[in-house]
1. Among B:R137, B:R101, which is the only one that is of a type outside the set (A, V, I, L, M) and closer than 18 Å to B:V252 by Cβ?
2. When you scan segment A:345-361, do you find a residue that is within 14 Å of another protein chain (Cβ to nearest Cβ), at pLDDT 85 or above, crowded, with 20+ Cβ neighbours inside 10 Å and closer than 24 Å to A:A538 by Cα, even just one?
3. Check segment A:512-523 and report whether any residue there is over 17 Å from A:C453 (Cβ atoms), out of contact with any strand residue (DSSP E or B) (no Cβ under 9 Å at 6 or more places or on another chain), assigned to a loop (DSSP other than H, G, I, E, B) and of a type in the set (A, V, I, L, M).
4. Got a sec? Which of A:E571, A:E566, A:E562 is surrounded by fewer than 19 Cβ atoms within 10 Å (Cβ to Cβ) and in contact with a helix residue (DSSP H, G or I) (Cβ under 8 Å, 6 or more places away or on another chain)?
5. Applying the selection to segment A:177-190, what residues are buried (at least 21 other Cβ atoms within 10 Å of the Cβ) and not in a helix (DSSP H, G or I)?
6. When residues of segment A:316-342 are filtered for being out of contact with any Asp or Glu (no Cβ under 9 Å at 6 or more places or on another chain) and not small (G, A, S), how many remain?
7. Quick check on segment A:556-566: of everything there that is assigned to a helix (DSSP H, G or I) and of a type outside the set (G, A, S), which residue is nearest to the other protein chains (Cβ to nearest Cβ)?
8. For B:L240, work out the one condition from (1) over 30 Å from B:K197 (Cβ atoms); (2) in contact (Cβ under 8 Å) with a residue 24 or more places away in the chain it doesn't fulfil.
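The values are calculated or read from the model by the stated rules, or taken from the named source; none is laboratory data. What you are looking at is a predicted structure, and each value in this text was computed from that prediction instead of being measured. Glycine also receives a Cβ, built like all others from the backbone with ideal geometry; neighbour counts cover every protein chain displayed.
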Amino acid sequence: MTTSHSLSGTDHPVDGASRPSENAGNAPLSAGDQARADTLSRLGLEAEVPGTPSLMEIEDLRVDFQLPDGPVPAVKGISFTLNKGETLALVGESGSGKSVTSTAILRLLPELAEVQGTIRLRGEDLLTASTRRMRELRGNRIATIFQEPMTSLNPLHRVGRQIIEVLSLHRDLKGRAARNKALELLEQVGIPEPARRIDSYPHELSGGQRQRVMIAIALACEPDLLIADEPTTALDVTVQAQILRLLKSLQKRYGMAILFITHDLGIVRHFADRVCVMRYGELLESGTTHDVFDNPQHDYTRMLIDAEPSGEKAPVASDAPVLLSARDVRVSFTIKRPLFGPKVAFEAVRGIDLDVRRGQTIGIVGESGSGKSTLGRALLRLLKSKGQINFDGINLSPLDAAALRPLRSRMQVVFQDPFGSLSPRLTVGEIISEGLRVHHPEFNRAQRDAKVCEALDEVSLDLSMRNRYPHEFSGGQRQRIAIARALVLKPEFLLLDEPTSALDRSVQVTVIDLLRDLQARHGLTYLFISHDLAVVRALSDHLIVMKDGEVVESGSTRAIFEAPSETYTRELMQAAFAPDLG
Amino acid sequence: MSHTTPTPHGHAAASILDGKPPAAPAGDSLTRDAWRRLKQNRAAMCSLVVMAVIILACLVGPWLTPFELDEVDWDAIGTGPDLASGHVFGTDVNGRDLLTRTLHGGQISLSVALVATFVSLVIGVLYGAISGYFGGRADNLMMRFVDIMYSLPFMFLVILLMVVFGRNIFLIYAAIGAVEWLDMSRIVRGQVLALKKREFVEAAHALGVRDLQVVTRHLIPNALGPVIIYVTLTVPKVILLESFLSFLGLGVQEPLTSWGVLISEGKDMMETAPWMLLVPSIFLAATLFCLNFLGDGLRDALDPKTR
């Protein structure tokens with residue numbers, strides 16, 4: 001059934017000898033079998049087709065979490081098959097049960113999860129296997145890489161030791177042999193200077209390099225199945241493409257199957273052989289990537305595919321008044337302050353000029369560490385900076401906190417993390433009305449309440465929710481609350497710092513629509529910071545590309561997207577829209 | 001700069017214009033919410049009742065018992081619990097009624113615990129929050145002061161106070177309070193250092209909220225969990241510290257007594273008069289037990305997530 005994949009027996013240079021029998025079943029299928037297999041897979045009913053080299057079968061998998069308030073189903077009876085050497089993408093938004101499924105395969109769910117059904121790996125039922133047997137399998141036959149390369153490595157151990165740990169556990173390699181194998185693995189995953197890097201600590205590596213180390217650990221025992229749970233979500237787009245390319249090439253080399261869990265359909269299209277779409281713990285649709293993308297059967301799948309933000313913003317008149325202007329803005333952070341000698345500082349923003357006109361949306365894009373968020377905070381005087389910042393003709397630089405306070409109601413901010421930007425011990429009403437207490441101390445309780453309702457209504461949230469606490473809301477709702485908090489003061493200028501990055505694609509689209517709608521209604525001016533080019537294209541009319549604290553390119557959004565003049569901009573767009581995954 | 005609001009959501013807009021926003025389900029302030037949640041916690045509520053009974057008994061009990069604190073009953077020296085003579089919990093080796101002394105001792109122990117914990121709570125939380133929030137040089141200076149206070153030997157401090165102010169029960173309060181807030185300020189500072197980098201604090205800055213408001217509305221409420229747990233640990237520590245001071249002759253003096261003193265006296269008579277150890281110990285243990293349950297309940301009640 002692996003239609004697009006070129007896997008064959010001869011692709012196993014390393015371990016072909018150790019597992020010769022497995023490749024026998026990989027002979028090309030006859031045309032009839034192929035058609036039948038495709039039909040079955042379209043229906044989600046993967047019957048055992050003669051000659052199908054299936055590696056893992058999941059049948060009617062159910063996971064219920066036994067909570068004090070009663071059982072909560074997380075996975076409601078899903079079945080699928082994973083073949084040897086293929087890539088199956090498990091796609092769904094948050095809460096769809098995709099990660100629960102992968103954790104169930106590893107049998108690493110918490111005690112309160114009740115798992116039913118069967119999970120068979122090479123015919124062996126994993127759900128009834130002994131704990132000891134599972135330990136043998138984990139990291140050995142089934143390997144995992146996680147989303148957060150920052151936290152999945154132990155910060156106290158050198159990376160080499162963490163690779164050797166797996167080798168000594170499952171391969172019984174010790175001493176020099178283990179170290180040589182670890183070096184070889186680091187070289188395979190493309191870590192530069194592996195002989196030096198093997199003795200590095202995780203914090204000395206970049207995010208992409210850490211993820212490469214995680215992959216090296218996963219591959220140490222040449223697993224049959226690699227579970228990749230959002231392995232690139234935390235990485236920059238250009239790094240993301242590199243990591244995916246690496247996974248593809250290693251898959252070819254080792255012939256392992258990849259269960260790829262993601263919410264990002266853009267990656268799936270280029271990466272997976274087959275796709276399973278999940279929602280609310282149910283398997284809605286499965287089939288070859290080609291079929292699912294070209295001819296989605298389920299409305300939800302279609303919605304996910306179409307959930308790419310669309311539209312664009314018309315530029316403002318060139319003589320529109322300038323609301324915010326910045327000249328030579330510089331921000332530096334003190335890294336070390338020795339008792340004697342000069343301070344060691346790092347300049348995160350290096351002399352940026354910027355003019356934001358009324359009604360305009362300026363998009364600032366850049367990868368992590370480009371200084372885009374720092375610039376945004378400096379413009380609002382949330383950070384100390386050098387250079388001149390004018391807001392509506394008022395020079396902000398010499399003002400102190402008290403003098404800035406009246407201006408604060410005119411410029412507001414919405415942050416990225418809808419979970420971190422709302423104080424967990426205040427109700428939604430208190431959160432939104434906080435600005436009113438500062439800027440309209442004359443309001444009484446009822447007046448404040450009325451304003452809160454007005455703001456909640458603007459962002460289309462249920463007014464009766466205002467006495468609830470933030471944790472009771474979903475990510476998209478929380479972001480609406482954050483927007484309401486900014487809007488209640490009727491600002492003119494809104495700094496949007498990655499407001500959609502932490503949201504599911506389908507929610508993202510509604511938040512973008514809301515932002516667009518609010519801009520049209522109130523003539524708001526936006527500074528939109530994002531690493532997501534698709535969102536920036538949909539929202540902004542002017543674009544600034546940043547790298548290492550400097551502007552790489554700036555101009556009208558349409559012009560830059562049509563013809564980027566700088567190499568870096570081209571690289572970014574290539575990685576975001578048409579990754580070449582080999 | 002104010003813009004009109006032609007909202008497309010007519011239904012809700014109408015009610016806003018009426019000036020009467022629709023009613024929302026109850027539960028507005030954190031304290032009222034917390035009280036409601038605490039009431040649902042059976043262990044915490046039982047503890048609260050038991051604590052209240054103990055406190056009330058200690059306050060009014062000594063007047064209700066037929067004996068005085070220092071009254072010696074020559075007919076009953078070192079006798080066990082006996083209803084007939086009126087010594088319900090027996091007497092000590094000097095023939096003084098143990099119940100009266102235990103309740104009286106409770107007054108001292110509980111008030112020391114209350115005052116010292118309150119002082120450590122108020123000073124420690126404010127000091128730690130301010131130090132952590134402002135950071136930099138202020139933090140450095142404030143924390144070095146804490147270091148200096150730590151390095152002063154506790155006994156030296158107490159003796160110094162005695163020399164300057166003379167012997168006084170309130171000195172115990174002051175001495176214990178002066179030491180106990182140090183730990184609290186460290187704990188709160190650590191919490192605040194982590195919290196102040198969160199985006200909701202930054203959002204408050206962007207709204208122009210004043211520093212003091214940021215500390216009291218955003219930082220302290222979110223640091224409460226560890227603070228409450230630490231308070232429940234402070235109370236037994238303080239009660240034992242007081243008995244230690246009294247043992248050295250620096251604390252309460254005869255005929256006054258406290259639970260700590262009673263227990264240490266009872267310990268010596270454990271084999272011949274076990275009630276002398278058991279009675280004050282049961283009171284102390286019950287109080288600490290209740291405090292722990294109450295602390296757990298409070299921590300959960302103050303966290304909206306455990307609804």
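1. B:R101
2. Checked segment A:345-361: at least one residue is within 14 Å of another protein chain (Cβ to nearest Cβ), at pLDDT 85 or above, crowded, with 20+ Cβ neighbours inside 10 Å and closer than 24 Å to A:A538 by Cα.
3. Checking segment A:512-523: not a single residue is over 17 Å from A:C453 (Cβ atoms), out of contact with any strand residue (DSSP E or B) (no Cβ under 9 Å at 6 or more places or on another chain), assigned to a loop (DSSP other than H, G, I, E, B) and of a type in the set (A, V, I, L, M).
4. A:E571
5. Result: A:V189, single match.
6. Qualifying residue count, segment A:316-342: 9.
7. A:T557
8. Looking at each condition in turn, B:L240 falls short on (2).
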